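**Student:** One structure, pasted below without further comment.
Only the coordinates and a few stated rules stand behind these numbers; no lab work does. What you see is a predicted model; the values in this text were computed from it and never measured. Note that each Cβ is placed from the backbone with ideal geometry, even for glycine, and that neighbours are counted across all protein chains shown.
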Amino acid sequence: MPTSDIGLDKTLADLGVTQPEQVALRFAKIRVHFQEHFQTVHDESEWKSFRDRWLGRKSGVLTQITDNWLKPATPQLKRAVGASLNELRAHVESQIEARRAAIESGAEESALARERVDLSLPGFIRPTGSHHLIRQVFQEIEDIFFSIGFSVVEGPEIETPYYNFEALNIPEFHPVRDDMDTFYLELPTGAKTPLLLRTHTSPMQIRTMEKQKPPVRVIVPGKVYRRDNPDATHSFAFHQIEGLAVDSDITFCDFTGTIEYFVKEFFGPSVKTRFRPSYFPFTEPSVEFDVSCPFCGGTGTAAGGGTCSKCKGAAWIELFGAGMVDPAVYGFVNYDAKRVSGFAFGIGIDRLAMLKYGIDDIQVFFQNDVRFLRQFP
Ligand SMILES: [Zn+2]
């Protein structure tokens, strides 16, 4: 109801009010109006505008009554108007205060209701991830070597040519560097040494022997890089575990025994192993290590007849290279080549994982397709 409807913008004389009873009637109307308005107040902002409309100093209803009705009232009506106004003011103020308290406690209650936890509700199920297959194979191989006294060391993926090549008996212009072409870092002019992404985990052989006197028994898991064009069996980044054992009495028998133990633990006790002569600059003698094909039982024939697709009928699968540490390498780390001997090997993790789990494309390791990853929970 606008203020004009209850005559607040007019004087009592204009409204034709001349008797105290008429004054009482006018105030009764205002109370009804107040009650109606009061019903619509439910929250803090409604309460504020309600309070301003009734108690506002400039144009609140009570101020208008004072200005338009009380002040210009005739002496015989002034007393009645003043008394009714005081009653009305007391009523309005107490009602407004009561509503404020009600709104405040209501707000607290609903805030409490929002915070209350319903313990009977079902919980959130968050899917847990799993280790990448490469990580799982690392772990499997590490566990096997842990069980025979090796420990794990890790090293930088960015290396100097000295650690990646020279100290491993691969001088500049050595032809093997062609196979190990890699990525070089762009450095400011005048940098002390070029930096490259390591092509194998072998630099850690040198770093470990520099820090530690024999006996040394370590494996080095990690990422390595080469400038290979990606295809089903090549990637510019792949994974290796380097192994190194150096002591005063390590023989070729210790070497073959260790490797055989590892292969039988990894592929199962029925596989056979064989060595073929090979060449690596940092081992002498060097071997390529083969395992009898675990898929066709070393027969070269698939279970359903025909040629075994894994070994292509060869019955043997080439696993990795290894050998006795070349005495020249000891010269780089101040070991006495006459008193110590040892062996080293470099296992390609991706290749082993592909063999063991029947994966025919190395690229799937890097594509992070969850349909692939979920097969190895
Ligand atoms: Zn086979």
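**Student:** So between Arg374 and His132, what do we pick up on full extension, going 0.36 nm a residue minus the alpha carbon distance?
**Tutor:** Numbers: separation 242, 0.36 × 242 = 87.12 nm, distance 0.92 nm.
Full-extension gain reported as 86.2 nm.
**Student:** Further question: Just to check I understand the Karplus step: with θ = phi - 60° and J = 6.51 cos²θ - 1.76 cosθ + 1.60, what whole-Hz values come out for the stretch 133-148, glycine and proline as x?
**Tutor:** Taking θ as phi minus 60°, the curve returns 3, 4, 5, 5, 5, 3, 4, 4, 6, 4, 4, 5, 6, 4, 5, 10 Hz for the stretch 133-148.
**Student:** Using the alpha-carbon atoms, what tilt in degrees (0 to 90, nearest 10) does helix 20-39 show relative to the longest principal axis of the chain?
**Tutor:** The angle comes out near 10 degrees.
**Student:** Can you figure out the FRET efficiency of Asp361 with Asn334, using R₀ = 51 Å and their beta-carbon distance, to the nearest 0.05? List each step's numbers first, then the result.
**Tutor:** Values: r = 45 Å, r/R0 = 0.88.
Approximately 0.70, to the nearest 0.05.
**Student:** Here is a follow-up. Work out the FRET efficiency for Asp181 and Phe124 from their Cβ-Cβ distance, taking R0 = 45 Å, and round it to the nearest 0.05. Spell out each step's value before the answer.
**Tutor:** Working: r = 50 Å, r/R0 = 1.12.
Computed FRET efficiency for Asp181 and Phe124: 0.35.
**Student:** Using a Gaussian network model of the chain whose springs link C-alpha atoms within less than 10 Å, name the residue from Ala353, Ala303, Ala13 with the highest mean-square fluctuation.
**Tutor:** In this elastic network of the chain, the residue with the biggest mean-square fluctuation among Ala353, Ala303, Ala13 is Ala13.
**Student:** So if I average 1/r over every pair of distinct C-alpha atoms in the stretch 3-115 and take the inverse, what Kirkwood radius in Å does that give? It would help to have the intermediate numbers written out before the result.
**Tutor:** Values: mean 1/r = 0.0656 Å⁻¹.
Here the Kirkwood hydrodynamic radius works out to 15.2 Å.
**Student:** Which pairs break 32 Å Cα to Cα here: Lys211/Lys272; Lys312/Lys338; Lys29/Lys58? Mind dumping the intermediate values first?
**Tutor:** On the way: Lys211/Lys272 37 Å; Lys312/Lys338 44 Å; Lys29/Lys58 22 Å.
Correct reply: Lys211/Lys272; Lys312/Lys338.
**Student:** If amide H atoms are built 1.01 Å from N in the plane of the peptide, which residues on other chains or at least 5 residues away come under 5 Å of the amide H of Thr233?
**Tutor:** Under 5 Å from the amide H of Thr233 lie the amide H atoms of Ile362, each far enough along the sequence or on another chain.
**Student:** Have a look at the stretch 133-373 and give its Rg and Dmax from the Cα atoms, expressed in angstrom.
**Tutor:** In order Rg, Dmax, the Cα atoms of the stretch 133-373 give 18.4, 64 Å.
**Student:** For q values of 0.22 Å⁻¹, compute log₁₀ I(q)/I(0) with the Debye formula on a Cα-only model of the stretch 224-283, without solvent.
**Tutor:** -1.10
**Student:** Taking amide H atoms as placed 1.01 Å from N in the peptide plane, list the residues 5 or more away in sequence, or in a different chain, whose amide H sits under 5 Å from that of Glu284.
**Tutor:** Under 5 Å from the amide H of Glu284: Met324, Val325, Asp326.
**Student:** Under unit Cβ charges (Lys, Arg +1; Asp, Glu -1), what dipole magnitude, rounded to 20 debye, does the chain have relative to its Cα centre?
**Tutor:** Numbers: 41 positive and 49 negative charges, 318 e Å.
Dipole magnitude for the chain comes out near 1520 debye.
**Student:** Do any cysteines of the chain lack a neighbour Cys whose Cβ is under 4.7 Å away, and which are they?
**Tutor:** Among the cysteines of the chain, those whose Cβ sits 4.7 Å or more from every other are Cys253.
**Student:** Still on this model: So, counting K/R as plus one and D/E as minus one, what does the shell of residues with Cβ under 12 Å around Gly82 add up to?
**Tutor:** Working: positive: Lys71, Lys78, Arg79, Arg89; negative: Glu87.
Charge balance in the 12 Å sphere: +3.
**Student:** What order do you get for 70-83, 239-252 when each peptide is scored by the mean count of other beta carbon atoms within 10 Å, highest first?
**Tutor:** Values: 70-83: 14.8, 239-252: 19.4.
The packing order, highest mean first, is 239-252, 70-83.
**Student:** Please list, in order along the stretch 252-267, the HN-Hα scalar couplings obtained from phi with the Karplus expression 6.51 cos²θ - 1.76 cosθ + 1.60 (θ = phi - 60°), rounded to whole Hz, x for Gly and Pro.
**Tutor:** 4, 5, 4, 4, 5, x, 5, 5, 4, 4, 4, 5, 5, 5, 7, 9
**Student:** For the stretch 366-375, take each phi angle, set θ = phi - 60°, evaluate the Karplus expression 6.51 cos²θ - 1.76 cosθ + 1.60, and give the result in whole Hz per residue in order, putting x for glycine and proline.
**Tutor:** 9, 7, 6, 6, 4, 5, 6, 4, 5, 6
**Student:** Mind listing the long-range amide H neighbours of Val152? Cut-off is under 5 Å, sequence gap 5 or more, other chains count too, H placed in the peptide plane at 1.01 Å from N.
**Tutor:** So Val152 has HN proximity to Ile219.
**Student:** Right, another one. Starting from the Cα of Glu104, step 7 Å along the direction of its Cβ; do the same at Ala13; then give the gap between the two resulting points in nm.
**Tutor:** 4.5
**Student:** Turning to a different aspect of this structure: Could you check which residue among Gly123, Gly306, Gly348 shows the biggest mean-square fluctuation in a GNM of the chain with a 10 Å Cα cutoff?
**Tutor:** Sorting by GNM fluctuation, first place goes to Gly123.
**Student:** Please give the helix 75-115 orientation as an angle from the longest Cα principal axis of the chain, in degrees from 0 to 90, rounded to the nearest 10.
**Tutor:** Roughly 20 degrees between the two axes.
**Student:** Continuing with the same structure: Between Gln39 and Arg114, how many nm apart are label points set 7 Å from Cα along the C-beta direction?
**Tutor:** 2.9
**Student:** Please sort 18-31, 256-269, 360-373, 313-326 by packing, taking for each peptide the average over its residues of neighbouring beta carbons within 10 angstrom, highest first. Please report the intermediate quantities before stating the final value.
**Tutor:** On the way: 18-31: 15.1, 256-269: 16.9, 360-373: 12.9, 313-326: 19.5.
The peptides rank, most packed first, as 313-326, 256-269, 18-31, 360-373.
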